[in-house]
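The values are calculated or read from the model by the stated rules, or taken from the named source; none is laboratory data. In this text the structure is predicted, and so the values were computed from the model without any measurement. Reconstructed Cβ throughout: ideal geometry from the backbone, glycine too, with neighbour counts over all protein chains shown.
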Amino acid sequence: MQPFTTLTGIAAPLPLANVDTDKIIPARFLKTIKRTGLGVHLFDTLRYDETGAERPEFVLNREPYRHAEILIAHENFGCGSSREHAPWALLDFGIRCVIAPDFADIFHGNCFKNGILPIRLPREICDALIEDARLGGNARITVDLQRQVVVRPSGEEIPFQIDDFRRHSLLEGLDDIGQTLQHAPSIDAYEQRQTADHSWVPAIV
Amino acid sequence: MAGTPPRTLFDKVWDSHVVETLPDGTCLLYIDRHLVHEVTSPQAFEGLRMAGRKVRRPDATLAVVDHNIATSSDRAAGIAEPESRLQVETLEQNVAAFGVPYFPILDARQGIVHIIGPEQGISLPATTIVCGDSHTSTHGALGALAFGIGTSEVEHVLATQTLLQKPAKNMLVRVDGKLPLGCTAKDIVLAIIGTIGTAGGTGHVIEYAGEAIRALDMAGRMTVCNMSIEAGARAGMIAPDETTFAYVRGKPYAPKGEALERAIAYWRTLPSDEGAHYDKTVIIDAAAIAPMVTWGTNPEAVLPITATVPDPAAEPDVEKRARMQRMLDYMALTPGQKLSDVPIDVVFIGSCTNGRIEDIRAAAKVAQGRHVADGVRALVVPGSGIVKQQAEAEGLDRILLDAGFEWREAGCSMCLGMNPDKLTPGQRCASTSNRNFEGRQGPGGRTHLLSPAMAAAAAVSGHLADVREFA
Ligand code: SF4
């Protein structure tokens, strides 16, 4: 996984609440067996019309937001399905950070596994950042995970919170499985205990 | 035990699965059951292969195909669509290479992953169950801790049989009193979502309790837990009781004999302790519930069938008003229009929410002696091959076919636009599934969520209808 330390880039304003995973990537694009290549289908129904032509009014179809690396949205971002195709599509498009007042749980977890940083900030601050983002290409926003601050174009710094474990994994680009396997002896011991205590759980064979 | 603080059902199942607690409170949680399907697993198996890892516990894993497959009677001939075919073939190669038990498409036990787990006795009380699918919450009806995970987590479970998780908060939803005639588990859960909203359970595990929940059979409990995710909660749980034990008894993979008796003795210790702490409590009066139907494009936009389409002009909050207007535009509804006047084109009865035998019986009861309205296409899709066999043994297929319904093979079907069963743009569907998002059942399709009996009533009426008039 690509580490996430500091990112300075263009932020796209998406002032919508309840952006569900079917909106981020509709089910018909889930037939891939790869993690890459989903960026063209990101926000498919918002981005393209029935004929497949771009809707010029949609933010990611406009300059400079075609190059956005940060997305700022409203409440309950990522609700719906567990599909990791949603963060894969964001990442493939180039988005490395999503800022919103809150996120649906599964989506939130899936972001971290893919080197995307989801940041929860109060609604008023999201709205202020959306105003910054509307200024376009000269108004870059910086996200500094080391110091846990978002830096507005004005230089104002906004602190944010993130779990230690997740912050560490992102900063170092660590893969969860590798970390968990360091605990293999505990897993072995648990399984032995469980075989004794919960022997009623049958094997599926 | 003296000194132990009272614990909830969730706390008990959680505590008994913690392998290790990391310094920041993240837990390594042991997973008893891992269900796998074709859509969210290919990249996980690929990850294992690239890292040279094995599946740690194939004997705790079960794979099935459900999302991508056709539900037409000629499906034995193979999958026409190349991408869907590749995804199914990839799963078949992966289960063979990694030694994972698998129900292939032509196996009678094949079906929607959340239908077959409980049906086979693979989902059991007090266990942890995961699947790369958000409706894994369904299995919580047995008193399991069951939740959906992303593909990276699927790979993590395959490799380690554990997950890194922070404990969720506890939320209690108590449904007191008796459900009125004509109302079902689906109406309960739609009413709950209408009350707490689609983010009402975020960060929480919901425990459903109260007289109306206790009175539900296992199918109804699964319907309720299934839609926990639509209420924002990753998992829903119901304490196991005699109904649960009777359901588990005799299921193919469930413990038997003395092992079952030991298990039941343990399961009896699971219900939340007196005085256990809940971070949030919501109380709902069952007697006030009516048959429900959604009018908008998220499940909280729901009203009793007797209501009219709401008017955005009456909404003081500017943002909410705009959101409502957008929903009405998409759904092509007019404020003040009676919901029971809304004409429909398609009816879909099935999905992991309502694809069990009890659901098909409820639909057949309304369909019997009536006929699907002119111009309406009505699909009935059993949740599994076993459900289909059972329904046919009871003659339900004949009743439905005679009434003009289609009787199909098991799968996810029209719940999501991923297989040949799809809405075309502008089509309006009365659906027993769980999501009414824009385009969920096919691009431009319009979805009204409701119970199986309500769906059958809509099919024979040609418009949304109050099932209580069909008694
Ligand atoms: S029936 Fe629908 S909700 Fe259930 S698993 Fe299939 S696609 Fe998902």
| Residue count for the stretch A:179-203, restricted to those that are within 10 Å of chain B (Cβ to nearest Cβ), within 35 Å of the chain's Cα centre (by Cα) and either assigned to a loop (DSSP other than H, G, I, E, B) or more than 16 Å from B:E20 (Cβ to Cβ) (or both) | 1
| field | Matching strands (runs of 3 or more DSSP E) fully within the stretch B:252-321 where at least 3 residues are among the polar types (S, T, N, Q), more than 28 Å from B:D11 (Cβ to Cβ) and modelled with pLDDT of 95 or more | value | none
| task | Look through A:V149, A:V98 and report the one residue that is over 18 Å from A:P13 (Cβ atoms) and of a type in the set (V, I, T). | result | A:V149
| Looking at the stretch B:1-37, which of the residues that are assigned to a loop (DSSP other than H, G, I, E, B) and among the charged types (D, E, K, R) is modelled with the lowest pLDDT? | B:D24
| message | Testing B:R446 on (1) within 14 Å of another protein chain (Cβ to nearest Cβ); (2) crowded, with 21+ Cβ neighbours inside 10 Å; (3) within 16 Å of the ligand (Cβ to nearest atom), one condition comes back false. Which one is that? | response | (3)
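Quick grid of which residues meet (1) of a type in the set (K, R); (2) under 28 Å from B:S433 (Cβ atoms):
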{"residue": "B:R268", "(1), (2)": "yes, no"}
{"residue": "B:G275", "(1), (2)": "no, no"}
{"residue": "B:I283", "(1), (2)": "no, yes"}
{"residue": "B:V293", "(1), (2)": "no, yes"}
{"residue": "B:P299", "(1), (2)": "no, yes"}
{"residue": "B:P304", "(1), (2)": "no, yes"}
{"residue": "B:P310", "(1), (2)": "no, yes"}
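A quick yes/no check of all residues on (1) assigned to a loop (DSSP other than H, G, I, E, B); (2) of a type in the set (G, A, S):
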residue: A:T45; (1), (2): no, no
residue: A:E50; (1), (2): yes, no
residue: A:A86; (1), (2): no, yes
residue: A:G109; (1), (2): no, yes
residue: A:P118; (1), (2): no, no
| query | Is it the case that B:T353 is within 16 Å of the ligand (Cβ to nearest atom), modelled with pLDDT of 95 or more and surrounded by 14 or more Cβ atoms within 10 Å (Cβ to Cβ)? | reply | yes
| note | Counted residues in the stretch B:449-463 being away from the ligand (no atom under 16 Å from the Cβ) and either surrounded by 24 or more Cβ atoms within 10 Å (Cβ to Cβ) or polar (S, T, N, Q) (or both) come to 7
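Conditions tested, residue by residue: (1) among the polar types (S, T, N, Q); (2) within 16 Å of the ligand (Cβ to nearest atom); (3) surrounded by 15 or more Cβ atoms within 10 Å (Cβ to Cβ).
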{"position": "B:N298", "(1), (2), (3)": "yes, yes, yes"}
{"position": "B:A301", "(1), (2), (3)": "no, no, yes"}
{"position": "B:P335", "(1), (2), (3)": "no, no, no"}
{"position": "B:P343", "(1), (2), (3)": "no, no, no"}
{"position": "B:F348", "(1), (2), (3)": "no, yes, yes"}
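Kindly indicate which of A:T51, A:T45, A:T36 is surrounded by fewer than 21 Cβ atoms within 10 Å (Cβ to Cβ), facing chain B (nearest Cβ under 9 Å) and more than 25 Å from B:A235 (Cβ to Cβ). Step through it out loud before you land on a result.
Numbers: A:T51 fails: facing chain B (nearest Cβ under 9 Å); A:T36 fails: facing chain B (nearest Cβ under 9 Å).
Going through A:T51, A:T45, A:T36 in turn, the sole match is A:T45.
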| request: Kindly list the number of the only condition in (1) surrounded by 18 or more Cβ atoms within 10 Å (Cβ to Cβ); (2) part of a helix (DSSP H, G or I); (3) more than 11 Å from chain A (Cβ to nearest Cβ) that fails for B:S84. | output: (3)
| said: Checking B:T136 against (1) within 16 Å of the ligand (Cβ to nearest atom); (2) part of a loop (DSSP other than H, G, I, E, B): exactly one of these is not met. Which one? | reply: (2)
| field | Unmet requirement for A:G94, which otherwise passes all of (1) within 13 Å of chain B (Cβ to nearest Cβ); (2) under 17 Å from the mean Cα position of the chain (by Cα); (3) surrounded by fewer than 20 Cβ atoms within 10 Å (Cβ to Cβ) | value | (1)
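Output yes when any residue across the stretch A:57-75 is touching a residue at least 24 places away in the same chain (Cβ under 8 Å) and within 9 Å of another protein chain (Cβ to nearest Cβ), and no when none is.
Yes, the stretch A:57-75 has at least one match.
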| message | For the stretch B:31-69, which positions are farther than 21 Å from A:R35 by Cβ and under 23 Å from the mean Cα position of the chain (by Cα)? | response | B:I31, B:D32, B:R33, B:L35, B:A60, B:T61, B:L62, B:V64, B:D66, B:I69
| request: Could you tell me whether B:V467 is more than 16 Å from the ligand (Cβ to nearest atom) and β-branched (V, I, T)? | output: yes
| query | Restricting the stretch B:139-195 to residues that are among the acidic types (D, E) and touching a residue at least 40 places away in the same chain (Cβ under 8 Å), which is nearest to the other protein chains (Cβ to nearest Cβ)? | reply | B:E155
| task | Restrict the check to the stretch B:181-197 and report whether at least one residue is assigned to a loop (DSSP other than H, G, I, E, B) and β-branched (V, I, T). | result | yes
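In the list A:A196, A:A189, which residue meets the criterion of being at pLDDT 95 or above, surrounded by fewer than 19 Cβ atoms within 10 Å (Cβ to Cβ) and among the small types (G, A, S)? Lay out the reasoning, then the answer.
Working: A:A196 fails: at pLDDT 95 or above.
Exactly one of A:A196, A:A189 is at pLDDT 95 or above, surrounded by fewer than 19 Cβ atoms within 10 Å (Cβ to Cβ) and among the small types (G, A, S), namely A:A189.
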